[in-house]
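Accompanying notes for the structure given below.
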Amino acid sequence: MFVGLMVVMGMVMRDGDVLCGADDPTDGFTEVPLTEWNLELQKPYDKPLEERYSYENGVRRLWVFADDKPHDPTSMTKPRTEIRIRGYDYSSGVWQFEGTGFVPNGTSGVSIVQIHGAAKGATTFMLRVYNGVMKNYVTDVVATDVYDKWMRINVIHDVDVGKVTLFINGTQRYEVKDHGPGDLYFKCGVYAQNNASYYMESRWKDIKIYKK
């Protein structure tokens with residue numbers, strides 16, 4: 001269970017439950033069409049896809065090891081197996097990622113959702129898991145005790161006002177200033193960060209993209 005009390009937009013929340021009703025984060029948005037082409041897989045360049053990814057019964061399972069190669073022979077980044085949303089890069093407006101995600105116990109030091117691109121730096125937002133605690137990057141805690149449970153994750157990026165808002169299971173958990181406009185797009189999966197566990201995995205279903 002998510003732990004703690006939050007007051008968000010006048011609503012009191014405890015353990016991730018809304019004690020008085022909340023709006024759906026997708027209200028007012030339009031879902032854009034996604035095909036398998038839009039869900040571009042990035043995985044260690046020397047491994048067949050089936051050794052780092054599976055898709056069965058609507059669930060996409062992505063995993064990687066800390067000593068894997070990067071996704072490209074010329075890249076100096078850490079190993080990843082990620083879904084890169086392509087065809088919907090953006091630089092203005094209001095966009096939203098939605099997916100139902102699952103992180104198994106033991107996966108740590110890993111990014112599971114990111115907004116790639118920024119005016120400065122490589123990313124605008126990076127939802128990471130460290131020992132069962134979910135953070136934006138390494139400092140801001142957004143949820144605790146996240147292992148071994150399905151979570152509906154919604155990330156809204158309002159580029160024009162420079163704001164990123166996170167909902168988990170329909171409850172607003174976090175809001176932060178973005179890193180400026182750029183060539184922006186969403187990603188999900190597993191991407192090793194500092195102090196990564198040797199094995200990293202996340203699972204995803206019902207991936208959607210919305211815009212205003």
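Annotations
- You will find that of ASP89, ASP67, the residue that is of a type in the set (D, E, K, R), at pLDDT 95 or above and either under 12 Å from VAL190 (Cα atoms) or exposed (fewer than 12 other Cβ atoms within 10 Å of the Cβ) (or both) is ASP67 and no other.
For (1) under 23 Å from GLY106 (Cα atoms); (2) at pLDDT 95 or above; (3) among the hydrophobic types (A, V, I, L, M, F, W, C), each residue gets a yes or a no:
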{"position": "LYS120", "(1), (2), (3)": "no, no, no"}
{"position": "ARG128", "(1), (2), (3)": "yes, yes, no"}
{"position": "VAL133", "(1), (2), (3)": "yes, yes, yes"}
{"position": "VAL138", "(1), (2), (3)": "yes, yes, yes"}
{"position": "VAL141", "(1), (2), (3)": "yes, yes, yes"}
{"position": "VAL146", "(1), (2), (3)": "yes, yes, yes"}
{"position": "TRP150", "(1), (2), (3)": "yes, yes, yes"}
{"position": "VAL159", "(1), (2), (3)": "no, yes, yes"}
{"position": "LEU166", "(1), (2), (3)": "no, yes, yes"}
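- The single condition among (1) touching a Lys or Arg at 6+ places or on another chain (Cβ under 9 Å); (2) under 19 Å from ILE85 (Cα atoms); (3) part of a strand (DSSP E or B); (4) not charged (D, E, K, R) that VAL176 does not satisfy is (2).
- Scanning region 160-172 for any residue that is in a strand (DSSP E or B), in contact (Cβ under 8 Å) with a residue 12 or more places away in the chain and under 21 Å from THR81 (Cβ atoms) turns up nothing.
- Matching entry among PRO48, PRO33 (being of a type outside the set (Val, Ile, Thr) and either in contact (Cβ under 8 Å) with a residue 12 or more places away in the chain or closer than 27 Å to GLY182 by Cβ (or both)): PRO33
- Residues of region 177-193 satisfying the condition of being hydrophobic (A, V, I, L, M, F, W, C) and out of contact with any Asp or Glu (no Cβ under 7 Å at 6 or more places or on another chain): PHE186, ALA192
- Residue within region 34-45 that is touching a Lys or Arg at 6+ places or on another chain (Cβ under 6 Å) and either hydrophobic (A, V, I, L, M, F, W, C) or part of a strand (DSSP E or B) (or both) present: yes
- PRO44 being farther than 20 Å from ASN154 by Cβ, surrounded by 15 or more Cβ atoms within 10 Å (Cβ to Cβ) and at pLDDT 95 or above: yes
- Pick from region 81-139, criterion of a type in the set (Asp, Glu) and part of a strand (DSSP E or B), ranking: nearest to PHE167 (Cα to Cα): GLU98
- Flag: GLY182 does not match the condition of being over 23 Å from ASP68 (Cα atoms), surrounded by fewer than 17 Cβ atoms within 10 Å (Cβ to Cβ) and of a type outside the set (A, V, I, L, M, F, W, C).
- Of all residues in region 190-212, those that are closer than 13 Å to VAL155 by Cβ have Cβ atoms under 6 Å from Cβ atoms of residues that are modelled with pLDDT of 95 or more and among the acidic types (Asp, Glu), 6 or more apart or on another chain, in LYS208/GLU31; LYS208/GLU98; TYR210/GLU31.
- Taking region 50-60 as the range and being in a strand (DSSP E or B) and surrounded by fewer than 18 Cβ atoms within 10 Å (Cβ to Cβ) as the test, the residues that pass are SER54, TYR55, GLU56, VAL59.
The values are calculated or read from the model by the stated rules, or taken from the named source; none is laboratory data. Computed from a predicted structure; not experimentally measured. Note that we place each Cβ from the backbone using ideal geometry, even for glycine, and neighbour counts take in every protein chain shown.
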